[in-house]
Amino acid sequence: MNQDAAADLERRLREIGEQRYHDKHPFHVLMRDGRLSKGQIQAWALNRYYYQSRIPIKDSTLMARLVDPELRRVWSQRVVDHDGTREGQGGIGKWLHLCERLGFSRDDVMAERGILPATRFAVDAYINFVRERSLLEAIASSLTEMFAPRIIGERVSAMLARYDFVDADMLSYFDARLTQAPRDADFALGYVKEHAKTEEQRQAVCDALIFKTDVLWAQLDALYFAYVEPALTPPGAYRPASPGRSN
């Protein structure tokens, strides 16, 4: 791809993030502003575990399609980041720690009890996308990591300042992501800028990023509908002891 086309593709991708990333979702805004109850935060952490637990599955699915061993070596770091090299390490272990500190049983979280149906549908759709679409689109769908540091910084500082039941130890998952996400995003961005050689491919890259932003947005839609307004929690889903919105 020539430099002008590559620069234009990056501009388009960043514009998608500015317009569609889930830091603008009403549920995130409530969280940032300290207006969620503990029960609503618990529901967020529990449902987000399902997403976190499926990220290394998504990345392993992508790796199974890669014939270039160097590309597999690079991409495999994502799996290590989430799974760790032994029990309790990695992003999943840290997210489980968050859930435990919020009062959940580790076994219940890992058994995925109480997950919203819409959370499952959205996350599973992401895995299917990576499995079924072109390799270029599969890699491009990870580019929401370009915008992750923005939401992490906002979320962590707000939660520490505005929720008396939250401390830095609970949010340790996010520490590593401040360096991991930019590293992974830089690699994926470089890949799509190099390999999206036609306008059709560049549009497919943009559409893949839009799809991924929709996956993230849909998860917060589900939380908002079930636990904020109209607070219609579906059968089998987690029902917190303090369901209402904080003042």
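The numbers here are math on the coordinates, done by the rules we state, and not lab data. Nothing here was measured: the structure is a model prediction, and the numbers come from that model. Heads up, the Cβs are rebuilt from the backbone with ideal geometry, glycines too, and the neighbour counts pull from every protein chain shown.
Taking 2.2 N^0.38 Å as the expected size of a compact globular protein, what ratio does the Cα radius of gyration of the chain give against it, to two decimals? Walk me through the numbers before you get to the answer.
Numbers: Rg = 18.1 Å, N = 247, 2.2 N^0.38 = 17.9 Å.
Compactness ratio reported: 1.02.
Order the peptides 68-80, 173-185 from the highest to the lowest mean number of other Cβ atoms within 10 Å of their residues.
Values: 68-80: 14.6, 173-185: 16.8.
Result, highest mean first: 173-185, 68-80.
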- Item | Protection proxy ranking of 221-231, 139-149, 107-117 - average other beta-carbon atoms within 10 Å, highest first | 139-149, 221-231, 107-117
- Pairs from LYS38/LYS212; LYS94/LYS212; LYS58/LYS193; LYS58/LYS94 whose Cα-Cα separation, in the structure shown, is over 26 Å: LYS38/LYS212
- Name the shape class, rounded, prolate or oblate, that the alpha-carbon gyration tensor gives for the range 69-147, where a ≥ b ≥ c are the square roots of its eigenvalues, rounded holds for a/c under 1.5, and otherwise prolate holds if a/b is larger than b/c and oblate otherwise. oblate
- Counting every Cα pair in the range 114-155, what percent are over 12 Å apart? 68
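For the chain, list the DSSP H helices whose alpha carbon atoms reach 24 Å or more along the long axis and whose average Kyte-Doolittle value is -0.5 or above?
Numbers: long enough: 3-20 (25 Å, -1.41); 38-63 (38 Å, -0.65); 173-195 (32 Å, -0.62); 199-227 (42 Å, 0.16).
For the chain, where a helix must reach 24 Å along its axis and average at least -0.5, the hits are 199-227.
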